[in-house]
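Take a look at the structure set out below.
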Amino acid sequence: MTHKNKIKGSQYERDIVKALQEDGFASVERMYGAGRQDDKGDIRGLDGWTIEAKNQAKIDLPTFLAELKNEMANAGNDLGAVLVKKRNANIRDSYVVMSWEILIELLRRTNA
């Protein structure tokens, strides 16, 4: 990742943390160590969830979801989502992407 892209990615993570804190999730914070073999996601403080943040020009959902799945396994979480920055938009307009499998688990929990 180039220096410019790393700066953009780090800023997006900070923006996500700030928005989540404003929305009542006071314990969230950025994770550090992206790219490590034992990477556990970009945001921590949401019990049972792995959050991966992507601020890239090219949206590559299969790659993003494969990375999320690996990070969920590293973290021991069974829920997770990829937050994808929407160009020239507010942080709360980010795309939230998850696999069908995660959606079904979430629906089962909320409809039990």
(request) Write down the percent of antiparallel bridges among all DSSP beta bridges whose residues are both part of the stretch 45-108, to the nearest 5. (result) 35 percent
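With the full set of protein chains in place, find how many percent of the accessible area of the chain is carbon and sulfur; take the probe as 1.4 Å.
On the way: 3850 of 7290 Å².
Carbon plus sulfur share of accessible area: 53 percent.
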(message) Suppose we keep just the DSSP beta bridges with both residues in the chain; what percent of those would be antiparallel, to 5?
(response) 50 percent
(request) Starting from the Cα gyration tensor of the stretch 5-59, take the square roots of the eigenvalues, sort them a ≥ b ≥ c, and report rounded, prolate or oblate (rounded when a/c is under 1.5, otherwise prolate if a/b is larger than b/c, else oblate). (result) oblate
(message) Beyond 14 Å, how much of the Cα-Cα pair distribution for the stretch 50-96 remains, as a whole percent?
(response) 47 percent
(message) Could you order the peptides 72-83, 3-14 from most to least packed, using the average number of other C-beta atoms within 10 Å per residue?
(response) 72-83, 3-14
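Find the percent of Cα-Cα distances in the chain that exceed 23 Å, and round it to a whole number. Numbers along the way, then the final one.
Numbers: 1521 of 6216 pairs.
Here the long-distance tail beyond 23 Å is 24 percent of all Cα pairs in the chain.
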(request) Could you grab the relative contact order for the stretch 11-111? Cα pairs under 8 Å, six or more apart, rounded to a whole percent. (result) 22 percent
(request) With label points built 7 Å along Cα→Cβ from the Cα atoms of D23 and I91, find their separation and express it in nm. (result) 1.0 nm
(request) Give me the angle, in degrees from 0 to 90, between the Cα long axis of helix 3-22 and the longest principal axis of the Cα atoms of the chain, rounded to the nearest 10. (result) 50 degrees
(request) Give the angle, between 0 and 90 degrees and rounded to the nearest 10, that separates the Cα long axis of helix 100-110 from the longest principal axis of the Cα atoms of the chain. (result) 60 degrees
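The values are calculated or read from the model by the stated rules, or taken from the named source; none is laboratory data. For clarity, every value in this text was computed on a predicted model and none was experimentally measured. Neighbour counts run over all protein chains shown; Cβ positions are idealised from the backbone, glycine included. For the accessible areas, the whole protein counts, side chains as well, though only heavy atoms, and no ligand, DNA or RNA atoms are used. Shrake-Rupley method; radii C 1.70, N 1.55, O 1.52, S 1.80 Å.
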